[in-house]
There are 2 protein chains.
Amino acid sequence: VNPVDIVQLILQNKSLEPQKKMGEGRASTNIALIKYWGKKDERLRIPTNSSLSVALPDKSTLTKITLSDKNHNEVILNGKALDVASPFANRLSIYLDYFRSTSTMYFKINTEVNFPVAAGLASSASGFAALVLALNDFFAWQLTKKELSILARLGSGSACRSLWSGFVEWHAGSKDDGMDSYAEQLDITWPELCAGVIVCEAKAKKINSTIAMQHTMSTSPFFNDWVSQSNKDLMQIKEAIQAKDFVLMGEIAEANAMMMHASCIAARPAILYWQPETLAIIHKIQALRQQGVPVYLTIDAGANLVLFFIQDEKQAIIKALPKAEILQLQI
Amino acid sequence: VNPVDIVQLILQNKSLEPQKKMGEGRASTNIALIKYWGKKDERLRIPTNSSLSVALPDKSTLTKITLSDKNHNEVILNGKALDVASPFANRLSIYLDYFRSTSTMYFKINTEVNFPVAAGLASSASGFAALVLALNDFFAWQLTKKELSILARLGSGSACRSLWSGFVEWHAGSKDDGMDSYAEQLDITWPELCAGVIVCEAKAKKINSTIAMQHTMSTSPFFNDWVSQSNKDLMQIKEAIQAKDFVLMGEIAEANAMMMHASCIAARPAILYWQPETLAIIHKIQALRQQGVPVYLTIDAGANLVLFFIQDEKQAIIKALPKAEILQLQI
């Protein structure tokens, strides 16, 4: 099964003719509490395990799509035209090819991202989710969120979780065509839950996560146990979230992130996403907990950290970690 | 089976009367290329996997034993009398109890260690090996090295590897009483092989390795795979050493160390031995290799690193890592 077959399956007889001059979409990035790490199907981006994330509404991508008058797709990122051969423009262009109705039709994508790109804050998640929303608007498809989630997944796995606010679960699914591999929002409100971002390295990371996942799957002795423990973690963290047991949720989320990084460190050769400052902050957060401040961390495939804590601890967190940017989760 | 039963089994009818005024023993520490991490039997210190080390002749312990005229064992470490209740003196005293022939007989242990104690450079390995050699001298037992290796193991697991120079393999063994769990030297000369030590934290580490091993065994989802992969690594590294394939030996040793730390990072909660500087040096060594300098690292249960390289690269290593203390391995 090819991604283009899935696109046709979802779009059915829907139009690939633009229904307006410009389509627009906005999506937040998300940070996983139970990580997506490993693909069962590389091309369809079907994951080896289900995952769970929280949307970060302050960190979003706004994407506008129009037709291009050039003979290639154009990508403008934060006001700057990207080289067609650049990795990001090339990846978008491969994806856009699924939606071109004629060989002479090209798109112009204007994307604004308000946080560091490709630094382990899942910019591709908000990027592809925003693009799918923009396409849905441009062609007036009126697809369901489930359908949009599957389309977004074909661009970037974690993008399928970026169509909602709050807690979002991505079901790995079991079908070969990935039609049951999509995300859904958990029905919960939790206004006291807060997050903070600590950026240790704003420049682009060296190892992209697709390659790092493949390398972990094929060389880490710990990969199989990563998958099975993650499935257990997902079940338990959903119970913790439903019970609003912050400490249990934090413990599971942090342990799952540590386990993901451990599976990479055990790959051969090792993949090390952490920078010295990352480790210094991990030690500091461990020390904060010993001092009685309930704060937990997670780290995506990069050097930056996301903290979780309850509203009441906000001043203690700001004092101990002045570099943290406090985020509104709006759950 | 208790440790004291094993001591009796080894000593048979040998004397527990001192045969001279003072017994003396010296042993080098060792650094494992295939790590010892996990015990099948806590009290007898029988490991879950076989391991392999290199002696570091420059880092040694000299221990002198006499009878004490006090009503307790005395421990003097680097000229300073330790409190009987201190963890180190207490651990030595429990061990010395196996060798007291009367309830009024006590020992005075005078130990000189020429490197940082309890900082992940296996000071307990050289310490207990030197003590066993001193006891053997004091009582004139004339035990074999195999027997001394088993006695040393009862004090500190990795001590059983510290009775030889060069490459030493510790057979995990399969017997319940651990009588087949001892070390042996590999028959090989390799004068070009060099090592370097980088001390990132000379002060004592916070988590002792016995507790960290137990915590990893009981909470890390990766512990079983750590054991089975280590057994594979041991077979392969022995072949690499016999073939003097430095790159293959280095790759396996570094991967095994990374895997040990990964098994700790995946424990719940995580055990993190690395300091920010440790990670900075890991990144630097990865970069050095990309620049064509064949250098590999290992890290014990602490923050310090040991590098391996071939004589020809010595100047490149000193230039890139001026903090490294170059050691003679004398293999």
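The values are calculated or read from the model by the stated rules, or taken from the named source; none is laboratory data. From a predicted model like this one, the values you see are computed outputs, not experimental measurements. For neighbour counting, all protein chains shown are included, and Cβ atoms are generated from backbone atoms with ideal geometry for every residue, glycine included. Keep in mind that these areas ignore ligands, DNA and RNA; they rest on the heavy atoms of the full protein, side chains included. Shrake-Rupley method; radii C 1.70, N 1.55, O 1.52, S 1.80 Å.
Observations on the model:
- Residue A:80/residue B:219 FRET efficiency (R0 35 Å; Cβ-Cβ; nearest 0.05): 0.15
- Solvent-accessible area buried by pairing B with A, both sides, nearest 100 square angstrom, 1.4 angstrom probe: 2300 Å²
- Positive-pole candidate from A:255, A:198, A:231, dipole of chain A, charges at beta carbon: A:198
- Largest-first principal axis extents of the Cα set of segment B:142-201 (Å): 37, 32, 25
- Mean sequence separation of contacting Cα pairs (under 8 Å, at least six apart), scaled by the length of chain B, corresponds to a relative contact order of 22 percent.
- Shortest-first nm distances, residue B:175 label point to equivalent points in other copies (7 Å, Cα→Cβ): 6.2
- Working from label points 7 Å from Cα in the Cα-to-Cβ sense, the residue A:67 to residue A:330 distance is 3.4 nm.
- Mean shadow area of segment A:180-271 over all directions, Cα convex hull, nm²: 7.8 nm²
- Estimated dipole of the protein assembly as shown in Debye, rounded to 20 [Cβ of Lys and Arg +1, of Asp and Glu -1, Cα centre]: 760 debye
- Sum of side-chain charges, residue A:239 neighbourhood, beta-carbon under 12 Å (Lys, Arg +1; Asp, Glu -1): +1
- Built amide H within the under 5 Å cut-off of residue B:73, gap 5+: B:107
- With label points set 7 Å from Cα along Cα→Cβ, the inter-copy distances at residue B:22 are 8.9 nm, sorted shortest first.
- Cβ-based net charge around residue B:310, under 11 Å, with every Lys or Arg adding one and every Asp or Glu removing one: -1
- Solvent-accessible area per residue for segment B:52-174 (1.4 angstrom probe, square angstrom): 35 Å²
- Cα-Cα over 30 Å, subset of A:40/A:64; A:80/B:284; B:145/B:323; A:59/A:146: A:40/A:64; A:80/B:284; B:145/B:323
- Spherically averaged projected area of the convex hull of Cα atoms, segment B:1-119: 8.9 nm².
- Computed FRET value (nearest 0.05) for residue B:144 with residue B:323, which takes r as the C-beta separation and R₀ as 41 Å: 0.50
- Spin-label model, residue A:105/residue B:242: points 7 Å from Cα along the beta carbon direction are separated by 6.6 nm.
- For chain B, hydrophobic long helices are taken as DSSP H runs at least 20 Å long by C-alpha position along their axis with mean Kyte-Doolittle hydropathy of -0.5 or more; these are B:123-138, B:246-265, B:276-290.
- Grouping the Cα pair distances of chain A into 20 Å bins from zero gives a pair-distance distribution of 32, 57, 10, 0 percent in increasing distance order.
- Exposed-site-free run, longest, chain B (rule: trypsin sites (Lys or Arg not before Pro); DSSP loop; at most 16 other C-beta within 10 Å): B:245-322
- Label-to-label distances for residue A:81 across copies, nearest first, come out at 8.4 nm, using points 7 Å from Cα in the beta-carbon direction.
- Computed in the context of the full set of protein chains, the accessible area of segment A:185-257 at 1.4 Å probe radius has 52% of its extent on carbon or sulfur.
- Average Cα contact separation per residue, segment B:75-178, under 8 Å, 6 or more apart, as relative contact order %: 22 percent
- Assuming charge only on the beta carbon of Lys and Arg (+1) and of Asp and Glu (-1), the dipole of segment B:240-312 about its Cα centre is about 140 debye to the nearest 20.
- Cα-derived Rg to Rh of the protein assembly as shown, Kirkwood definition: 1.07
- Dipole magnitude of segment A:21-81, debye to nearest 20 (Cβ charges: Lys/Arg +1, Asp/Glu -1, about Cα centre): 100 debye
- Histogram of C-alpha separations across segment A:80-189, 5 Å bin width, %: 2, 11, 20, 23, 20, 14, 7, 2, 1, 0
- Karplus-derived HN-Hα couplings along segment A:77-85 (A = 6.51, B = -1.76, C = 1.60, θ = phi - 60°), whole Hz, x at Gly and Pro: 10, 6, x, 10, 5, 8, 4, 4, 8
- Using θ = phi - 60° and Karplus 6.51 cos²θ - 1.76 cosθ + 1.60, couplings along segment A:21-32 (whole Hz; Gly, Pro as x): 5, 9, x, 9, x, 10, 9, 7, 6, 9, 10, 7
- Only helices enter the 222 nm calculation for the protein assembly as shown: every DSSP H run of n ≥ 4 contributes -39,500 (n - 2.57), and dividing by all residues gives -11500 deg cm²/dmol, rounded to 500.
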